[in-house]
Every structure is written in C-alpha cells, then in structure tokens.
Amino acid sequence: MNLQTHTPVPADKGWRIWWQLTRPHTLTAAFVPVLLGTALAVKYTSVHLLLFLSMLIASLLIQAATNMFNEYFDYKRGLDNENSVGIGGAIVRNGVKSKTVLRLAFTFFALALLLGVYISANSSWWIAAVGFISMATGYFYTGGPKPIAYSPFGELTSGVFMGVVIIQISFFIQTGYISSESMLVSIPVSILIGTIMLANNIRDLDGDKKSGRKTLAILFGRKNAILFLASLFTLSYLWIILLILVTDASPWLFLTFISIPKALHAVKGFIGKTAPIEMMPAMKATAQTNTIFGFLMSIGIFIGYL
C-alpha cells in the first residue's frame, strides 16, 4: 500500500512507467537468492548455465508479477491515489488500465511457467510443484479475500519463499540434492528479504492501520517495529559469525560486514520519522543492504572455494 501525502508525486513517462511498474528495488530479492544458491553449488558440480539463467529469469518474472498484483489490488481496494508515496501508481498516476496491469502479471506468470517446465524437465518435476506453490503465494500475497501482505505473516512469507525456497531450488537444480549447508546459508539472506517488507510496512503504518491491515509494524507499533528491524539486521550478521565459527564456512563470508553501514543508515532513517516521504531513503537503504549482503556473500563463497 502507498500512503497519501499532500505533495503531488509526478507521473512517470514512456518506458519508465513500465520499469517502475515492476518495482525494481524489490527485484534484487529475486536475483540475490538465485546467485547465492548457484554459488553454493559450484563447490560440488559444474554450473549448468541455461538452468541458472532460466531460474534467474523465472524468479524475476514471478517477483515482477507479484508487484503488479500488488499494484492492481491496491488500486481495486482504493488504497492508491495520484499522490501516493512510493514507486507504485502506474494505474492512478500514469493512466495504465488496471486490466492491462493484471494481464501483464499473468503473462509474466505464464512465461515463468514455461521456464519452470524446462527447469523441471532437466532436474526434477518436484520443482514444478514448488514453483506452482510459489506463484500461488505471489498472487495471494495481495490478492484474494485475506491477502498475506495485510497480515502479520508478510515478512515471514516473503523471507521463506524469496529466500529459503529460491536458494534451495537454485542449489538443487545444479546438484540434484539439498544440503544442510545450503539451508544454513539461506537463513541470513531470507531474514534480510523479510526486512524489505518490514521497512515498507513501517513506512505505511498509519495508512495501513486506517485500512484495517494487521501487519507486524502495526502490531508492534512504530518504535518497536524499528527496533525489530534493527534486531533482524543484527541477527543476519551474527548468523555469519556462527557459520564461520561452527561450520566449515569460509572466513571470506566476513565480506558481508561491508554492508553494515548501509544497514545502520536504514535503521537511522526511520527513527523520528512519521511522514512516508521522509522514510523513502530508509526503505531504499534496506533493499540495498539485502543486495550488497547477498552479493558479497556469494563472492565470499566463490573466493573460499579458490
């Protein structure tokens, strides 16, 4: 949801309308897990490039489609308007027909499904079942009578499906199995993916409360939600330390600590803020933390193999 503000938000033009419709800052939540799962597989097998690219594109398509469903259903529920804060608003600000957004989302799902068939045919048909569940979750995240995003389970759902599930699939299609290592490594990235949703809900807290949502940010209250955000960041970095101390994970995973300043910037950006527009930089910093952390973790794993 995007909360109202008194400051008009300029409409996008040309190709920017369609680019912003995908909500690009969230697409890293689809890219990073595929990269990480594949990086883990390098230790055990040669990477099947076409499977990697198919998995990457399918994940991006599902994430983009999920964002478009969000755009469509927020509009249908009257939660978006011309002055909404955020990068959504192709329907209300740019004049894109709501049916066009919905059709485009289903088209992306169809393309992802075709890629899923190729992936399953070259790995296991169990992947098809997991992929179908993931797409259904993407739809019901904001669709249906009781959207997941309007409940306290939004962060958990996004973290599990965009983190744990994607990483395991990316690892499995290369190796043919799932390991305890791939599960343990997926946890901090999954937590950080959940923080993207939490940051969004902290920004939209007041408007969400008026519309009857029951997000974690609303249940915790603004101050406690910010503390919880800080705790999740902290847990992600502590998890890296535990991986290095308790398992045979490479010390090069400490590269992820380079992203700590960005995480601090994200938390500080929410403190003392109540206007949604003021919290946009903190939201972006949260997504950037996930991207930098996951990318550096993948690099650390690669270097560790060398």
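The values are calculated or read from the model by the stated rules, or taken from the named source; none is laboratory data. Note that the coordinates shown come from a computational prediction; the quantities given were computed from them, not determined experimentally. When we count neighbours, we look across all protein chains shown, and the Cβ atoms used for this are built from the backbone with ideal geometry, even at glycine. What goes into the accessible areas is simple: the full protein's heavy atoms, side chains included, and nothing from ligands, DNA or RNA. Shrake-Rupley method; radii C 1.70, N 1.55, O 1.52, S 1.80 Å.
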(message) So R213 passes all but one of these: (1) basic (K, R); (2) surrounded by fewer than 20 Cβ atoms within 10 Å (Cβ to Cβ); (3) not in a helix (DSSP H, G or I). Which condition number does it fail?
(response) (2)
(message) For the list (1) open to solvent by 30 Å² or more (accessible area, probe 1.4 Å); (2) at pLDDT 95 or above, I need the number of the one condition that F161 fails.
(response) (2)
(request) Filter segment 118-164 down to residues that are of a type in the set (A, V, I, L, M) and in contact (Cβ under 8 Å) with a residue 40 or more places away in the chain, then give me how many there are. (result) 5
(request) State all residues of segment 127-155 that are assigned to a helix (DSSP H, G or I) and within 24 Å of K76 (Cβ to Cβ); if no residue qualifies, say none. (result) S134, M135, A136, T137, G138, Y139, F140, I148, A149, Y150, G154, E155
(message) So in segment 28-79, with the set limited to residues that are open to solvent by 30 Å² or more (accessible area, probe 1.4 Å) and of a type in the set (F, W, Y), which one is farthest from the chain's Cα centre (by Cα)?
(response) Y44
(message) Taking the criterion of being assigned to a helix (DSSP H, G or I), more than 23 Å from R23 (Cβ to Cβ) and either open to solvent by less than 30 Å² (accessible area, probe 1.4 Å) or modelled with pLDDT under 95 (or both), would at least one residue in segment 189-208 satisfy it?
(response) no
(request) Scan segment 130-143 residue by residue and report those that are among the small types (G, A, S) and open to solvent by 20 Å² or more (accessible area, probe 1.4 Å). (result) G131, S134, A136
(message) For the structure I just gave you, tell me whether L229 is under 18 Å from Q288 (Cα atoms) and buried (at least 22 other Cβ atoms within 10 Å of the Cβ).
(response) yes
(message) Name the residue that is nearest to D74 (Cα to Cα), counting only residues in segment 117-126 that are open to solvent by 20 Å² or more (accessible area, probe 1.4 Å) and not in a loop (DSSP other than H, G, I, E, B).
(response) V117
(request) Inspect all residues belonging to segment 24-44 and state whether any of them is farther than 22 Å from T215 by Cβ, of a type in the set (K, R) and at pLDDT 90 or above. (result) no
(message) For segment 96-116, which positions are open to solvent by 30 Å² or more (accessible area, probe 1.4 Å), free of Cβ contacts under 8 Å to residues at least 60 places away in the same chain and in a helix (DSSP H, G or I)?
(response) K99, T100, L102, R103, F106, T107, F108, A110, L111, L113, L114
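Yes/no matrix, rows are residues, columns are (1) surrounded by fewer than 17 Cβ atoms within 10 Å (Cβ to Cβ); (2) within 23 Å of G221 (Cβ to Cβ); (3) touching a Pro at 6+ places or on another chain (Cβ under 8 Å); (4) touching a residue at least 24 places away in the same chain (Cβ under 8 Å):
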| position | (1), (2), (3), (4) |
| --- | --- |
| D248 | yes, no, no, no |
| L255 | no, no, no, yes |
| E278 | yes, yes, no, no |
| M283 | no, yes, no, yes |
(message) I need a count of the residues in segment 156-188 that are outside any helix (DSSP H, G or I) and β-branched (V, I, T).
(response) 1
(message) Considering only residues that are open to solvent by 60 Å² or more (accessible area, probe 1.4 Å) and of a type in the set (V, I, T), which ones fall in segment 257-276?
(response) I258, I271, T274
